[in-house]
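These notes are about the structure you will find just below.
The values are calculated or read from the model by the stated rules, or taken from the named source; none is laboratory data. No experiment lies behind these values; they were computed from the predicted model shown. For neighbour counting, all protein chains shown are included, and Cβ atoms are generated from backbone atoms with ideal geometry for every residue, glycine included. For accessibility, only protein heavy atoms count, side chains too; no ligands or nucleic acids. Shrake-Rupley method; radii C 1.70, N 1.55, O 1.52, S 1.80 Å.
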Amino acid sequence: MSAPAPAWHLYVPKLVTTLRQGYGLGDLRHDLLAGLTVAVVALPLSMALAIASGAPPAVGLHTAIVAGFLISALGGSRVQIGGPTAAFIPVVFGVIANYGYDGLVMATLMAGAMLVIAGLLRLGTLVKYMPQPVITGFTAGIAVSIFSSQIKDLLGLDIASVPAEFFARWKTYAAHIGSLNPHAAGLALATLALLVALRRWRPTWPIFLIGVVVATVATVVFQLPVETIVSRFGPIPRDLPMPHLPAFDLARMHELLPSAFTIAFLGGVESLLSAVVSDGMIGGRHRSNCELVAQGVANTASALVGGLPATGAIVRTATNVRAGARSPVAGMAHALFILLFVLIAAPLANRVPLPAMAAMLLIIAWNMSEIERVRQLMRSPIGDRMVLLVTFVLTVTIDLTVAVEVGVVLAAFLFMHRMSEVVAMESHVDLLEDDEDDFSRARRTVGHDVLPAGVEAYRVSGPLFFAVANRIDDVLRAFGKPPRVFILRLRLVPLIDASGATAIGNLVERCRREGTALIFTGLQPQPARILADMGIVADGTSLRFADDFARALEMAAATGLT
C-alpha cells in the first residue's frame with residue numbers, strides 16, 4: 001500500500017502542476033489571447049464595480065491587476081479569473097460609509113488573513129454544505145442592493161451622499177427626484193437598450209466595452225451635460241500605488257471584525273463556486289483549500305495597495321474558458337494587459353459617463369438575480385422557500401452578515417427537523433411530539449400480541465442525534481405502567497452523538513429507578529463506542545446487550561424477567 005501524499009501537495013498552485021505537465025508555445029498563444037479577451041471585459045467592469053462600491057474607478061483597476069494576478073498565480077483552479085465582483089458592492093459601500101476607506105483597507109487585510117487560515121485548516125471543502133436557498137437568497141438580495149445603489153447615476157440626481165441603508169436610500173431618491181437630469185436618464189436608457197440588444201444578437205462580443213465606448217463617444221460629440229469619471233473622481237493615475245500598511249488599532253479591528261468576516265465569507269464562497277463552474281466547463285478539478293489560501297494572499301496584497309476585496313469572478317472565468325484558456329497563465333496575462341492599459345492609455349477612460357456605468361451595473365444586477373433559480377426554488381418545500389425569502393429580505397433591508405447567519409441557522413433547524421422525521425421509532429404505542437391530552441389519550445395495541453407479557457420494545461431507525469434525542473427521553477412515558485423488560489432495537493442506528501448518548505443514559509437511569517430491565521439489540525460499532533466512552537456499558541442485570549431481537553427475547557425469558 002502506497003504512503004499518503006504529503007499535505008503540502010494540496011497547496012501547490014495549479015500553475016506549477018500545469019507547467020510540470022508540459023506547456024508549449026501553442027498553449028502560451030491560447031492563454032495570451034484568452035487573457036486579452038478577459039481584460040477587455042474586465043476593464044469597464046472593474047471601474048464600474050469600484051464606482052458602485054463608493055470608491056474611485058482606479059481602485060477597481062488596481063484590484064484587478066494585483067489580486068487578479070495572484071489569484072491565478074497561486075490558486076487551485078486552472079482557469080479562475082479573480083478581481084473585484086458585484087457581490088462585494090453592498091458590503092464595501094457600507095464599510096466605506098461607516099468607517100471610511102481606511103476602514104475598508106483594514107477589513108480587507110483581516111479578511112485576507114481569515115481566508116489563509118481557513119485554507120490551512122482545510123475548511124474549503126465545507127462550502128459544499130452551504131444551503132442553496134441561502135446562496136440564492138443573498139445573491140438575489142445583493143442584486144437588488146446593486147440596483148438600488150445605481151438610481152442616482154442612472155437618473156443624474158443631484159445628491160451629495162447616498163445612504164447605505166435600503167429604505168433611507170429610497171427616501172433620499174424620492175426627496176431629490178426633482179433634480180432628475182434628462183440627458184443622464186436618456187443616455188443611461190440608450191446604453192441599457194444597446195447592451196440588451198448586443199447581449200441578445202451578439203452575445204460573443206465584448207458588450208460592456210462596446211456600450212461604454214459608444215456612450216463616451218456620444219457624450220463627447222454631443223457635449224452632454226452628464227457626470228463623467230474625471231468630473232467626479234479626477235483623472236485616472238497612470239501608475240500602480242506602492243504597498244503600505246495601515247495604522248493598526250485593536251479597538252478599530254474589533255469594530256471591523258463583522259465586516260471582515262463578511263468579506264472573507266463572500267470571497268471564499270464566490271471563489272469556490274466559480275471554481276466549481278469552471279471545473280464543469282473544462283472537466284477539471286480544483287483544489288479548494290489552495291484556492292482559499294490564494295484568495296487570502298490576493299486580498300491582503302490588494303489591501304496593501306489600497307485596493308478592493310477580490311474573489312473569483314464567474315462571468316470572467318467563463319469568458320476565459322470560452323476564449324480558449326489552457327492554464328493559469330491566461331489569468332495572469334489578463335492582469336498584465338490591464339496594467340498595460342493603466343500605464344499607457346488610462347486617460348482614455350476619463351471621459352466615460354457615469355450613467356453608462358450605471359446601465360452596465362443594471363445588467364450585472366439582473367445576471368446576479370438568477371431569476372430562473374429563484375423561480376425553481378420557490379417550487380420547493382415550504383421550509384426551503386422560507387429560508388430563501390428570509391435571507392433575501394434580510395440581505396436587502398438589514399445586512400448581509402445577519403442575512404447569512406439567520407439563513408444558515410434556519411436551514412440547520414430545517415435540516416434537523418427533516419432528520420428527526422426520518423428517524424423512525426416503531427412500537428405498539430405512539431410516541432407523541434405535540435402536547436397531549438393525558439385524560440383522553442388511548443393506548444394502541446397494534447403488534448402487542450407478538451411480545452410476551454411484561455415486555456415492551458421500540459425500534460429506532462436512523463441517526464440518533466440532538467434533534468431527535470428528546471424522543472428517547474419520552475419513551476417510558478408512553479406506557480401507563482413501566483414494563484418489566486424494555487427492549488431497545490438499535491441495529492438501524494448508524495451513528496449517535498453526545499445528545500443522543502445522554503438521552504440513552506437518562507433512559508438507563510430511569511429504567512433502573514423503576515425496576516425495568518433494559519436490553520439493547522444490534523448495537524453498531526460507532527454507537528457502541530460513543531456509549532462506552534460516556535460510561536454506558538452493560539452490567540449484566542439492569543442493562544444488557546443482545547445481538548438481535550430474538551436473542552433479547554431469549555435473554556428475557558431465560559432470566560425469568562417475564
### Query
Filtering the range 219-230 down to residues that are out of contact with any strand residue (DSSP E or B) (no Cβ under 6 Å at 6 or more places or on another chain) and in contact (Cβ under 8 Å) with a residue 40 or more places away in the chain, which residue is farthest from L157 (Cα to Cα)?
V220
### Message
If a residue counts only when it is modelled with pLDDT under 90 and either open to solvent by less than 20 Å² (accessible area, probe 1.4 Å) or closer than 30 Å to M130 by Cα (or both), which helices (runs of 4 or more DSSP H) contained entirely in the range 313-407 have at least 2 such residues?
### Response
314-322, 354-369, 371-377, 382-397
### Task
From (1) touching a Leu at 6+ places or on another chain (Cβ under 9 Å); (2) of a type outside the set (S, T, Y); (3) exposed (fewer than 15 other Cβ atoms within 10 Å of the Cβ), pick out the condition that doesn't hold for D533.
(1)
### Summary
Across (1) more than 26 Å from the chain's Cα centre (by Cα); (2) touching a residue at least 12 places away in the same chain (Cβ under 8 Å), G178 clears everything bar (2)
### Task
Look through the range 494-544, keep the residues that are of a type in the set (D, E, K, R) and assigned to a helix (DSSP H, G or I), and return whichever of them is nearest to L476 (Cα to Cα).
R510
### Query
Which condition number does F69 fail, the rest of (1) farther than 18 Å from L240 by Cβ; (2) open to solvent by 10 Å² or more (accessible area, probe 1.4 Å); (3) in contact (Cβ under 8 Å) with a residue 24 or more places away in the chain being met?
(1)
### Query
Where residues in the range 22-52 are within 29 Å of L308 (Cβ to Cβ) and more than 30 Å from the chain's Cα centre (by Cα), which of them is most open to solvent (accessible area, probe 1.4 Å)?
L33
### Query
Going by the structure shown, is S145 of a type outside the set (F, W, Y), out of contact with any Pro (no Cβ under 7 Å at 6 or more places or on another chain) and surrounded by 12 or more Cβ atoms within 10 Å (Cβ to Cβ)?
no
### Summary
All-but-one check, P163 against (1) under 19 Å from T397 (Cα atoms); (2) not in a loop (DSSP other than H, G, I, E, B), failing number (2)
### Task
Please identify the pairs in which a residue from the range 194-216 that is farther than 12 Å from V352 by Cα has its Cβ atom under 7 Å from the Cβ atom of a residue that is at pLDDT below 95 and outside any helix (DSSP H, G or I), counting only partners at least 6 apart or on another chain.
L198/W205
### Task
Go through A275, A298 for me and flag whichever is surrounded by 24 or more Cβ atoms within 10 Å (Cβ to Cβ) and within 14 Å of V79 (Cβ to Cβ).
A275
### Message
Please verify whether A97 is open to solvent by less than 20 Å² (accessible area, probe 1.4 Å), in contact (Cβ under 8 Å) with a residue 12 or more places away in the chain and part of a helix (DSSP H, G or I), treating the condition exactly as stated.
### Response
no
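Quick grid of which residues meet (1) of a type in the set (F, W, Y); (2) without any contact (Cβ under 8 Å) to a residue 60 or more places away in the chain; (3) farther than 22 Å from T317 by Cα; (4) open to solvent by 10 Å² or more (accessible area, probe 1.4 Å):
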residue: G54; (1), (2), (3), (4): no, yes, yes, yes
residue: G75; (1), (2), (3), (4): no, no, no, no
residue: I81; (1), (2), (3), (4): no, no, no, no
residue: G119; (1), (2), (3), (4): no, no, no, no
residue: R122; (1), (2), (3), (4): no, no, yes, yes
### Message
Looking at L543, L553, L492, can you tell me which residue is open to solvent by 70 Å² or more (accessible area, probe 1.4 Å) and touching a strand residue (DSSP E or B) at 6+ places or on another chain (Cβ under 8 Å)?
### Response
L492
### Query
Can you pull out the residues in the range 111-126 that are in contact with a Leu (Cβ under 8 Å, 6 or more places away or on another chain), farther than 13 Å from L266 by Cα, modelled with pLDDT under 90 and assigned to a helix (DSSP H, G or I)?
none
### Task
List every residue pair whose Cβ atoms sit under 6 Å apart, with the two residues 6 or more apart in sequence or on different chains, where the first one lies in the range 503-526 and is in contact (Cβ under 8 Å) with a residue 24 or more places away in the chain and the second, anywhere, is among the basic types (K, R) and surrounded by 15 or more Cβ atoms within 10 Å (Cβ to Cβ).
I519/R544; T521/R489; G522/R491
### Query
Considering only residues of the range 246-272 that are among the aliphatic types (A, V, I, L, M) and over 22 Å from G75 (Cβ atoms), which is least open to solvent (accessible area, probe 1.4 Å)?
L256
### Summary
Subset of the range 475-508, residues among the basic types (K, R) and closer than 17 Å to L523 by Cβ, comes to R489, R491
#### Entry: Conditions (1) modelled with pLDDT of 70 or more; (2) buried (at least 20 other Cβ atoms within 10 Å of the Cβ); (3) closer than 30 Å to V387 by Cα; number of the one not met by I504
(3)
### Message
Please pick out the residue among L49, L61, L10, L45 that is in contact (Cβ under 8 Å) with a residue 12 or more places away in the chain, farther than 30 Å from S231 by Cβ and in a helix (DSSP H, G or I).
### Response
L10
### Task
Name the single residue, out of those in the range 186-217 being surrounded by fewer than 17 Cβ atoms within 10 Å (Cβ to Cβ) and among the small types (G, A, S), that is farthest from A52 (Cα to Cα).
A197
